[in-house]
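The values are calculated or read from the model by the stated rules, or taken from the named source; none is laboratory data. The structure presented is a predicted model; accordingly, all values stated were derived computationally and were not measured. Don't worry about glycine lacking a Cβ; one is built from the backbone with ideal geometry, like all the others, and counts go over all protein chains shown.
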Amino acid sequence: MSDIRRAYSAWAATYDTDNNLTRDLDQAVTRAELAGYTGARILEIGCGTGKNTVFLAGIGARVVALDFTAAMIREARRKLAGTSALFASADLTRPWPCAARCADLVVCNLVLEHIEDLAPVFSEAGRVLTDGGRFFICELHPFRQYEGKKATFQRGQTQIEIPAFVHHISAFLDAAESAGFALRSLREWWHEADQAAPPRLVSFLFEWQPPLITDL
Ligand SMILES: C[S@@+](CC[C@H](N)C(=O)[O-])C[C@H]1O[C@@H](n2cnc3c(N)ncnc32)[C@H](O)[C@@H]1O
């Protein structure tokens, strides 16, 4: 088991209730940014305990959620019991268990700091999205990463840091462009408690654009 999966297995039981401004801001941002996607077929990647899956299941025609930590998915399944949301275990760095062109919207929150190479993620998002489909990403802002911030939680007296990789803004934009995405919006977000601090989160909305020439 990877260190990342082991850490999230340990965090799963208290992820929703720990004091965590980043999680709370991400939840508010996602609701504000995606409220218009009613009726979409939504693929959520790295769903965790289903904090955002609940909202997505409320607006989407269909929601499928992937994650590689069983304990996190267990929490999400409990939260989404009685809805049509489907969960599957998958490592996002490998091919996703989804058919091509099955989704109108791919949603990814607070996950990519744990994935070193962004290219396979953008490539798979491009494969599963319909023409003109959108890829929404909300992540810890690299400005915060430059200060050493990363996903952490407390167990007893020990602060547990989850392995993380810094992705500069240009890395997101380059990976997206290489995979055939066009940027539709880039926004920076502060929690009301952040005062004069650097932005806590960055969100991107990319549009997948099919190649102009598909056959000769
Ligand atoms: C900080 S949690 C975010 C969960 C949820 N998206 C949210 O916003 O609350 C990060 C999640 O990413 C998942 N994750 C990290 N790396 C992954 C990978 N390579 N494949 C699948 N899931 C991964 C972890 O298991 C964890 O559930």
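Before moving on, here are some points about what is shown:
- Per-region count, segment 132-144, residues surrounded by 17 or more Cβ atoms within 10 Å (Cβ to Cβ) and over 17 Å from the mean Cα position of the chain (by Cα): 1
- Evaluation of A61 against the conditions (1) over 18 Å from L105 (Cα atoms); (2) more than 13 Å from the chain's Cα centre (by Cα) shows that the sole unmet condition is (1).
- Residue pairs meeting the criteria (Cβ under 6 Å; at least 6 apart or on separate chains; first more than 22 Å from R5 (Cα to Cα), in segment 77-96; second assigned to a strand (DSSP E or B) and within 14 Å of the ligand (Cβ to nearest atom)): A85/V63
- With respect to the conditions (1) modelled with pLDDT of 95 or more; (2) out of contact with any Cys (no Cβ under 7 Å at 6 or more places or on another chain); (3) within 23 Å of V121 (Cα to Cα), S203 falls short on a single one, namely (2).
- Among the conditions (1) crowded, with 21+ Cβ neighbours inside 10 Å; (2) part of a strand (DSSP E or B); (3) in contact with a helix residue (DSSP H, G or I) (Cβ under 7 Å, 6 or more places away or on another chain), the only one that F153 does not satisfy is (1).
- Scanning segment 104-126 for residues that are more than 10 Å from the ligand (Cβ to nearest atom) and buried (at least 17 other Cβ atoms within 10 Å of the Cβ) yields D104, L105, V106, L118, F122, E124, A125, G126.
- Looking only at segment 180-216, residues that are in a loop (DSSP other than H, G, I, E, B) and within 21 Å of L34 (Cβ to Cβ) come to 5 in all.
- One residue from E33, E44 being touching a Lys or Arg at 6+ places or on another chain (Cβ under 9 Å) and either closer than 23 Å to R134 by Cβ or aliphatic (A, V, I, L, M) (or both): E33
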